[in-house]
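Worksheet for the structure shown next.
The values are calculated or read from the model by the stated rules, or taken from the named source; none is laboratory data. Nothing here was measured: the structure is a model prediction, and the numbers come from that model. Cβ placement follows ideal geometry from the backbone for every residue including glycine, while neighbour counts extend to all protein chains displayed. Accessible surface is based on the protein model in full, side chains and every heavy atom, while ligands, DNA and RNA are left aside. Shrake-Rupley method; radii C 1.70, N 1.55, O 1.52, S 1.80 Å.
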Amino acid sequence: MTRDWVIDEHRHAGEEHRDPEQVARYDEKLPFDPIPELEHLVDYGLTEDETIIDFGTGTGVFPLAAAEYCDQVIAIDISESMLDVAREKADDEGVRNVEFVHDGLVSYEHEGDPASFAFSKNVFHHLPDFWKVEALKTVGDTLEPGGIFRLHDLVYSFDLRDSTEEIKAWLEARKSTAFTEEELYNHFREEFSTYDFLFESMLRETGFKILDSTYQESFYAAYTCEWRGDSH
Ligand SMILES: C[S@@+](CC[C@H](N)C(=O)[O-])C[C@H]1O[C@@H](n2cnc3c(N)ncnc32)[C@H](O)[C@@H]1O
(Lines give C-alpha, C1' and ligand atoms only; values in the text may rest on other atoms or scores of the structure.)
Protein backbone atom coordinates (compact mmCIF):
# COMPACT_ATOMS: atom_id res chain seq x y z
CA MET A 1 0.00 0.00 0.00
CA THR A 2 1.23 3.51 -0.73
CA ARG A 3 2.80 5.38 2.20
CA ASP A 4 2.21 8.78 0.58
CA TRP A 5 -0.12 9.84 3.37
CA VAL A 6 2.65 9.49 5.96
CA ILE A 7 4.35 12.64 7.24
CA ASP A 8 7.68 13.63 5.65
CA GLU A 9 9.73 13.63 8.85
CA HIS A 10 12.83 14.95 7.09
CA ARG A 11 11.00 18.04 5.84
CA HIS A 12 9.61 18.73 9.32
CA ALA A 13 12.95 18.31 11.08
CA GLY A 14 13.89 21.97 10.58
CA GLU A 15 16.30 23.54 8.10
CA GLU A 16 18.73 24.37 10.95
CA HIS A 17 19.06 20.62 11.62
CA ARG A 18 19.65 19.67 7.97
CA ASP A 19 22.02 22.40 6.84
CA PRO A 20 25.64 21.20 7.48
CA GLU A 21 26.90 24.74 8.24
CA GLN A 22 24.27 25.31 10.89
CA VAL A 23 24.74 21.81 12.28
CA ALA A 24 28.48 22.51 12.70
CA ARG A 25 27.59 25.38 15.08
CA TYR A 26 24.85 23.47 16.93
CA ASP A 27 26.78 22.46 20.08
CA GLU A 28 28.02 26.02 20.62
CA LYS A 29 24.53 27.43 20.13
CA LEU A 30 22.73 24.92 22.36
CA PRO A 31 25.17 23.45 24.88
CA PHE A 32 23.79 20.45 26.76
CA ASP A 33 25.20 18.60 29.78
CA PRO A 34 23.91 15.00 29.59
CA ILE A 35 25.34 13.84 32.94
CA PRO A 36 22.43 14.95 35.19
CA GLU A 37 20.08 13.15 32.78
CA LEU A 38 22.13 9.96 32.97
CA GLU A 39 22.34 10.17 36.76
CA HIS A 40 18.55 10.55 36.80
CA LEU A 41 18.26 7.36 34.72
CA VAL A 42 20.66 5.58 37.08
CA ASP A 43 18.19 6.43 39.87
CA TYR A 44 15.59 4.63 37.73
CA GLY A 45 17.75 1.54 37.32
CA LEU A 46 20.13 2.23 34.41
CA THR A 47 23.13 -0.13 34.69
CA GLU A 48 26.02 -1.22 32.48
CA ASP A 49 23.90 -4.11 31.18
CA GLU A 50 21.15 -2.02 29.62
CA THR A 51 20.36 -0.77 26.13
CA ILE A 52 19.17 2.79 25.66
CA ILE A 53 17.65 4.30 22.54
CA ASP A 54 17.97 8.04 21.88
CA PHE A 55 15.27 9.39 19.55
CA GLY A 56 16.39 12.52 17.66
CA THR A 57 19.97 12.34 18.82
CA GLY A 58 21.31 15.45 17.06
CA THR A 59 25.09 15.81 17.29
CA GLY A 60 25.37 12.79 19.59
CA VAL A 61 26.01 14.53 22.92
CA PHE A 62 23.67 12.23 24.83
CA PRO A 63 24.60 8.84 23.27
CA LEU A 64 28.35 9.42 23.57
CA ALA A 65 27.99 10.13 27.29
CA ALA A 66 25.45 7.31 27.70
CA ALA A 67 27.92 4.86 26.13
CA GLU A 68 29.88 4.91 29.40
CA TYR A 69 26.80 4.11 31.48
CA CYS A 70 25.32 1.17 29.58
CA ASP A 71 26.01 -1.75 27.27
CA GLN A 72 24.61 -0.42 24.01
CA VAL A 73 23.17 2.84 22.69
CA ILE A 74 21.05 3.21 19.57
CA ALA A 75 21.04 6.82 18.37
CA ILE A 76 18.38 7.72 15.80
CA ASP A 77 18.04 10.90 13.76
CA ILE A 78 16.32 11.88 10.52
CA SER A 79 19.11 14.33 9.61
CA GLU A 80 22.20 12.90 7.90
CA SER A 81 24.07 16.13 8.67
CA MET A 82 23.50 15.63 12.39
CA LEU A 83 24.51 11.98 12.18
CA ASP A 84 27.71 12.86 10.26
CA VAL A 85 28.82 15.09 13.15
CA ALA A 86 27.81 12.49 15.75
CA ARG A 87 29.62 9.65 13.93
CA GLU A 88 32.77 11.74 13.59
CA LYS A 89 32.78 12.46 17.33
CA ALA A 90 32.30 8.75 18.09
CA ASP A 91 35.25 7.87 15.82
CA ASP A 92 37.44 10.57 17.39
CA GLU A 93 36.59 9.37 20.90
CA GLY A 94 36.93 5.67 19.98
CA VAL A 95 33.38 4.91 21.14
CA ARG A 96 32.30 1.50 19.81
CA ASN A 97 28.97 0.76 21.51
CA VAL A 98 26.82 3.39 19.82
CA GLU A 99 24.87 2.43 16.70
CA PHE A 100 23.77 5.43 14.64
CA VAL A 101 20.56 4.94 12.69
CA HIS A 102 19.22 7.25 9.98
CA ASP A 103 15.48 7.09 10.59
CA GLY A 104 12.48 8.97 11.97
CA LEU A 105 10.50 8.83 15.19
CA VAL A 106 7.47 7.69 13.23
CA SER A 107 9.14 5.42 10.68
CA TYR A 108 11.68 3.62 12.93
CA GLU A 109 11.03 -0.11 13.32
CA HIS A 110 12.97 -1.76 16.11
CA GLU A 111 14.61 -5.12 15.49
CA GLY A 112 16.08 -7.41 18.12
CA ASP A 113 15.48 -7.40 21.84
CA PRO A 114 13.42 -4.59 23.29
CA ALA A 115 15.39 -1.88 25.08
CA SER A 116 15.09 -1.06 28.77
CA PHE A 117 15.52 2.72 28.39
CA ALA A 118 14.57 5.39 25.87
CA PHE A 119 15.45 9.08 25.76
CA SER A 120 14.39 12.02 23.63
CA LYS A 121 15.21 15.70 24.04
CA ASN A 122 13.61 18.58 22.15
CA VAL A 123 12.42 16.53 19.19
CA PHE A 124 8.71 15.83 19.57
CA HIS A 125 7.71 19.46 18.87
CA HIS A 126 8.74 18.86 15.24
CA LEU A 127 5.68 16.66 14.84
CA PRO A 128 1.98 17.66 14.88
CA ASP A 129 -0.02 15.96 17.62
CA PHE A 130 -1.34 13.05 15.56
CA TRP A 131 2.23 12.21 14.58
CA LYS A 132 3.47 12.74 18.15
CA VAL A 133 1.11 9.93 19.10
CA GLU A 134 2.47 7.74 16.28
CA ALA A 135 6.01 8.52 17.51
CA LEU A 136 5.10 7.64 21.11
CA LYS A 137 3.77 4.33 19.77
CA THR A 138 7.17 3.81 18.13
CA VAL A 139 8.92 4.47 21.45
CA GLY A 140 6.61 2.01 23.22
CA ASP A 141 7.28 -0.61 20.53
CA THR A 142 11.02 -0.42 21.27
CA LEU A 143 10.68 -0.86 25.04
CA GLU A 144 10.21 -3.88 27.24
CA PRO A 145 7.29 -3.66 29.71
CA GLY A 146 8.53 -1.62 32.68
CA GLY A 147 11.05 0.17 30.42
CA ILE A 148 11.78 3.81 31.24
CA PHE A 149 11.32 6.71 28.82
CA ARG A 150 12.87 10.08 29.69
CA LEU A 151 11.45 12.88 27.56
CA HIS A 152 12.27 16.58 27.33
CA ASP A 153 10.52 19.00 25.06
CA LEU A 154 9.23 22.51 24.67
CA VAL A 155 5.75 22.15 26.14
CA TYR A 156 3.45 25.00 27.20
CA SER A 157 2.39 24.95 30.85
CA PHE A 158 1.02 28.50 31.05
CA ASP A 159 -2.69 29.22 31.39
CA LEU A 160 -4.05 28.98 27.83
CA ARG A 161 -5.80 32.36 28.27
CA ASP A 162 -2.34 33.96 28.70
CA SER A 163 -0.76 32.49 25.55
CA THR A 164 -0.10 35.79 23.71
CA GLU A 165 1.49 37.51 26.70
CA GLU A 166 3.52 34.45 27.61
CA ILE A 167 4.87 34.04 24.08
CA LYS A 168 5.71 37.74 23.75
CA ALA A 169 7.64 37.58 27.05
CA TRP A 170 9.48 34.42 25.95
CA LEU A 171 10.48 36.04 22.64
CA GLU A 172 11.57 39.25 24.37
CA ALA A 173 13.77 37.32 26.82
CA ARG A 174 15.56 35.64 23.90
CA LYS A 175 16.22 38.75 21.81
CA SER A 176 19.98 38.84 22.45
CA THR A 177 20.69 35.12 22.20
CA ALA A 178 22.31 33.03 19.47
CA PHE A 179 18.87 32.57 17.86
CA THR A 180 17.67 34.85 15.05
CA GLU A 181 14.20 36.45 15.33
CA GLU A 182 13.12 34.26 12.43
CA GLU A 183 14.17 31.09 14.24
CA LEU A 184 12.35 32.16 17.39
CA TYR A 185 9.14 33.06 15.50
CA ASN A 186 9.32 29.79 13.62
CA HIS A 187 9.02 27.87 16.84
CA PHE A 188 5.38 29.02 16.96
CA ARG A 189 4.63 29.47 13.25
CA GLU A 190 6.16 26.30 11.84
CA GLU A 191 6.63 23.87 14.72
CA PHE A 192 4.20 22.02 16.98
CA SER A 193 4.86 22.51 20.66
CA THR A 194 1.69 21.73 22.55
CA TYR A 195 0.12 22.19 25.98
CA ASP A 196 1.07 20.15 29.05
CA PHE A 197 -2.43 18.69 29.44
CA LEU A 198 -2.36 17.44 25.83
CA PHE A 199 1.13 15.98 26.11
CA GLU A 200 0.32 14.20 29.37
CA SER A 201 -2.82 12.78 27.81
CA MET A 202 -0.90 11.55 24.75
CA LEU A 203 1.62 9.81 27.00
CA ARG A 204 -1.09 8.07 29.03
CA GLU A 205 -3.17 7.05 25.99
CA THR A 206 -0.15 5.45 24.34
CA GLY A 207 0.61 3.31 27.40
CA PHE A 208 3.05 5.35 29.45
CA LYS A 209 2.68 5.93 33.18
CA ILE A 210 4.15 9.30 34.14
CA LEU A 211 6.44 8.73 37.12
CA ASP A 212 7.64 12.31 37.43
CA SER A 213 7.14 15.54 35.54
CA THR A 214 8.76 18.96 35.81
CA TYR A 215 7.76 22.20 34.11
CA GLN A 216 10.14 25.15 33.86
CA GLU A 217 9.49 28.75 32.85
CA SER A 218 6.09 27.70 31.42
CA PHE A 219 7.84 26.48 28.24
CA TYR A 220 9.99 23.47 29.09
CA ALA A 221 8.86 20.04 30.28
CA ALA A 222 10.58 16.85 31.34
CA TYR A 223 8.82 13.55 31.98
CA THR A 224 10.05 10.23 33.27
CA CYS A 225 7.63 7.50 32.20
CA GLU A 226 7.24 3.78 32.55
CA TRP A 227 6.09 1.75 29.56
CA ARG A 228 3.10 -0.30 30.66
CA GLY A 229 3.03 -2.50 27.57
CA ASP A 230 0.15 -2.99 25.18
CA SER A 231 -2.09 -4.15 28.01
CA HIS A 232 -2.16 -0.72 29.72
C1 LIG B 1 16.57 20.44 18.69
S2 LIG B 1 17.49 19.09 18.06
C3 LIG B 1 17.85 18.15 19.56
C4 LIG B 1 19.03 17.23 19.42
C5 LIG B 1 19.41 16.46 20.69
N6 LIG B 1 18.31 15.63 21.14
C7 LIG B 1 19.85 17.41 21.77
O8 LIG B 1 19.05 17.69 22.68
O9 LIG B 1 20.99 17.89 21.69
C10 LIG B 1 16.26 18.10 17.27
C11 LIG B 1 16.82 16.91 16.56
O12 LIG B 1 15.74 16.04 16.21
C13 LIG B 1 15.89 15.61 14.88
N14 LIG B 1 14.54 15.31 14.38
C15 LIG B 1 13.54 16.17 14.13
N16 LIG B 1 12.43 15.50 13.75
C17 LIG B 1 12.76 14.18 13.76
C18 LIG B 1 12.05 12.99 13.47
N19 LIG B 1 10.76 13.01 13.09
N20 LIG B 1 12.68 11.80 13.60
C21 LIG B 1 13.99 11.76 13.99
N22 LIG B 1 14.71 12.86 14.29
C23 LIG B 1 14.10 14.05 14.17
C24 LIG B 1 16.58 16.76 14.19
O25 LIG B 1 17.25 16.35 13.01
C26 LIG B 1 17.55 17.21 15.28
O27 LIG B 1 18.75 16.49 15.24
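See the values below:
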item	result
Members of region 112-131 found to be of a type outside the set (A, V, I, L, M, F, W, C) and more than 10 Å from the ligand (Cβ to nearest atom), listed by number	Gly112, Asp113, Pro114, Ser116, Pro128, Asp129
Residue check, Ser231 under 16 Å from Lys137 (Cα atoms) and modelled with pLDDT under 95	yes
Cβ-Cβ under 9 Å pairs, at least 6 apart or on other chains, region 1-24 side open to solvent by 90 Å² or more (accessible area, probe 1.4 Å), far side within 12 Å of the ligand (Cβ to nearest atom) and in a loop (DSSP other than H, G, I, E, B)	Arg3/Ser107
Residue ID - farthest from Thr138 (Cα to Cα), chosen from residues in region 38-59 that are more than 16 Å from the ligand (Cβ to nearest atom), surrounded by 14 or more Cβ atoms within 10 Å (Cβ to Cβ) and not hydroxyl-bearing (Ser, Thr, Tyr)	Leu46
Filter result for Thr214 (touching a residue at least 12 places away in the same chain (Cβ under 8 Å), closer than 15 Å to Leu154 by Cβ and of a type in the set (S, T, N, Q))	no
Among residues of region 63-91, those that are assigned to a helix (DSSP H, G or I) and either buried (at least 20 other Cβ atoms within 10 Å of the Cβ) or in contact (Cβ under 8 Å) with a residue 12 or more places away in the chain (or both), counted	14
Matching residues, region 127-137, being open to solvent by less than 20 Å² (accessible area, probe 1.4 Å) and either within 16 Å of Ala75 (Cβ to Cβ) or assigned to a helix (DSSP H, G or I) (or both)	Lys132, Ala135, Leu136
Number of the exception - Ile148 against (1) of a type in the set (Val, Ile, Thr); (2) in contact (Cβ under 8 Å) with a residue 40 or more places away in the chain; (3) within 30 Å of Gln22 (Cβ to Cβ)	(3)
Tally, over region 92-111, of residues that are surrounded by fewer than 15 Cβ atoms within 10 Å (Cβ to Cβ), more than 12 Å from the ligand (Cβ to nearest atom) and not in a loop (DSSP other than H, G, I, E, B)	3
